[in-house]
Ligand code: SF4
């Protein structure tokens, strides 16, 4: 892509990018200092959720995890602990407008029921005498599916926000234009991750099958404009580039576009690939942009060693739209369900149930023996 930086009459730097017509306009490049300020503000909003009970719970979780590692090394059973999740992912919906490969929503391949989360269910989980909001620091309203296909997505956010929790989500940004963007900003959501995996329509839709890059641009512009009109620091808008073999050549172009658009952050994520093999179209040529290495015998395996431990599962959980509690976001089809939680109390019983304990024990005994744990990013470098 042809790119030029020019100085305008008012002395500001402008970039001109020509082959993508809608970007061939002059915009001020957002300064690094201003992005840094947004990042500091975003970190602060997360830290600010830590009231004394949440802090005490986080300390307990860390202590119990360290103890579990020591016990594993000594060959004795994991400790009993009295701490609760500090982060939770809750699935607004399994529905999705796109058809990305490697995604059961996109492939319509779920064996579990599909549907939409009832905001009352979320309220029952977080609120009341045994509600999880007491210890919860981070609520990610995302698992499978496109969250903004849920007509009450802003109501879901509101449940988290009225309980003082940091709330985030991840979206393909196809449904964010016009008044939707203003409602999103007004919901108070703290972080909005926008998946944008290419700088041209061809590269973008090579993975985001059925997606329109122009809609992602529109959605981004709408949210940034709504933030400006409201004078709001939130949401912290991050463009996430899932790098695969068909778009890796556009990484630097998109990084530059992110600065032009004025988003708060730009992150590059490597792809999880179900069965990596020679010639797989999603494997990048650049070894630094993938999670897998090829052995001299031609086997593709995760680059990092599989440690028999898992902080992600230890400190949090995932709840599907219909209340199934699963250990982590890798259990996309809820194969390892711990049971159904209708409210906070039911969740607390499941969290310390024999089944959950047995799962934790099996991860610490040999993570490689659990299918989904073998190809999981826990302990692996996923941000390139
Ligand atoms: S797949 Fe296994 S190792 Fe990975 S996050 Fe889930 S429980 Fe942990």
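The values are calculated or read from the model by the stated rules, or taken from the named source; none is laboratory data. Only a predicted model underlies this, so the values are computations on that prediction, with no experimental measurement involved. Neighbour counts run over all protein chains shown; Cβ positions are idealised from the backbone, glycine included.
Does the stretch 354-364 contain at least one residue that is surrounded by 15 or more Cβ atoms within 10 Å (Cβ to Cβ), within 14 Å of the ligand (Cβ to nearest atom) and not in a helix (DSSP H, G or I)? No - not one qualifying residue is present in the stretch 354-364.
Scanning the stretch 121-155 for residues that are in a helix (DSSP H, G or I) and out of contact with any helix residue (DSSP H, G or I) (no Cβ under 9 Å at 6 or more places or on another chain) returns 121, 149.
Of everything listed in (1) over 16 Å from residue 266 (Cα atoms); (2) at pLDDT 95 or above, the single unmet condition for residue 207 is (2). Residue 66 meets all of the listed conditions (1) closer than 26 Å to residue 189 by Cβ; (2) surrounded by fewer than 21 Cβ atoms within 10 Å (Cβ to Cβ) but one, namely (1). Restricting the first member to the stretch 276-291 and to residues that are surrounded by 12 or more Cβ atoms within 10 Å (Cβ to Cβ), and the second to residues that are in a helix (DSSP H, G or I) and at pLDDT below 90, the beta-carbon pairs closer than 8 Å and six or more apart or on different chains are 282/207. Does residue 330 qualify as being surrounded by 15 or more Cβ atoms within 10 Å (Cβ to Cβ), farther than 24 Å from residue 77 by Cβ, near the ligand (Cβ under 10 Å from one of its atoms) and touching a residue at least 12 places away in the same chain (Cβ under 8 Å)? The answer is yes for residue 330.
One residue alone among 290, 285 is in contact with a strand residue (DSSP E or B) (Cβ under 9 Å, 6 or more places away or on another chain) and away from the ligand (no atom under 13 Å from the Cβ), and that residue is 290.
Residues in the stretch 369-381 that are assigned to a helix (DSSP H, G or I) and either surrounded by 14 or more Cβ atoms within 10 Å (Cβ to Cβ) or more than 10 Å from the ligand (Cβ to nearest atom) (or both): 369, 372, 373. Residue by residue through the stretch 303-325, note down the ones that are within 11 Å of the ligand (Cβ to nearest atom) and outside any loop (DSSP other than H, G, I, E, B). 311, 312, 313, 314, 315, 316, 317, 318 - these are the residues of the stretch 303-325 that are within 11 Å of the ligand (Cβ to nearest atom) and outside any loop (DSSP other than H, G, I, E, B). Counting only helices (runs of 4 or more DSSP H) wholly contained in the stretch 175-289, the ones carrying 2 or more residues that are closer than 30 Å to residue 162 by Cβ occupy 179-187, 213-230. So which residues in the stretch 274-296 are over 22 Å from the mean Cα position of the chain (by Cα) and over 18 Å from residue 100 (Cα atoms)? Listed by number, the residues that qualify are 277, 278, 279, 285, 286, 287, 293, 294, 295, 296.
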